[in-house]
Amino acid sequence: MTRLTPLEETVAGQELIQIGIKQGIRQDLQQGIEQGELIGRIKLMQSILKRRRSAKTKLIRKNMQELKEMLKKIGKEFV
């Protein structure tokens with residue numbers, strides 16, 4: 001019976017794994033930047049409106065959609 005070499009034990013497999021890791025890091029970094037920008041905008045708008053500013057730790061736990069909705073809601077108050 002023929003035994004196949006596991007993908008992670010081959011050079012090509014290791015290269016594919018590295019490519020996947022790099023892409024994942026890039027995506028996570030991009031999402032982190034976007035999240036940070038949204039949090040900064042929320043805190044700025046709260047400050048301009050003289051509202052109590054949300055704690056950064058609380059905002060970090062929110063997903064991107066929640067942050068966008070929060071910013072949209074605050075933006076409506078601004079206008």
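For the pair Glu15 and Asn63 in one chain, pulling the backbone fully straight at 0.36 nm per residue adds 14.1 nm over the alpha carbon distance.
Axis of helix 11-48 versus longest Cα principal axis of the chain: the two differ by about 0°, to the nearest ten degrees. Across the stretch 11-78, C-alpha contacts under 8 Å between residues 6 or more apart give a mean separation that, scaled by the residue count, equals a relative contact order of 34 percent. Taking the C-alpha atoms only, the angle from helix 64-78 to the longest principal axis of the chain is near 20 degrees. Distance distribution P(r), the stretch 1-47, all Cα-Cα pairs, bin width 5 angstrom from 0: 4, 19, 11, 13, 10, 8, 9, 7, 6, 5, 3, 2, 1, 0, 0 percent. Which pairs break 21 Å Cα to Cα here: Lys22/Lys58; Lys43/Lys76; Lys22/Lys43; Lys22/Lys72? Pairs exceeding 21 Å: Lys22/Lys58; Lys22/Lys43; Lys22/Lys72. Here's the picture: charge each Lys and Arg Cβ at +1 and each Asp and Glu Cβ at -1 in the chain, and of Gln46, Gln30, Ile19 the one pushed furthest to the positive end of that dipole is Gln46. For the chain, the equivalent ellipsoid built from the Cα gyration tensor has semi-axes of 45, 10, 10 Å, listed from largest to smallest.
Here, each number is a calculation from the coordinates, and none is a lab measurement. What you see is a predicted model; the values in this text were computed from it and never measured. Virtual Cβ from ideal backbone geometry, glycine too; neighbours counted across all protein chains shown.
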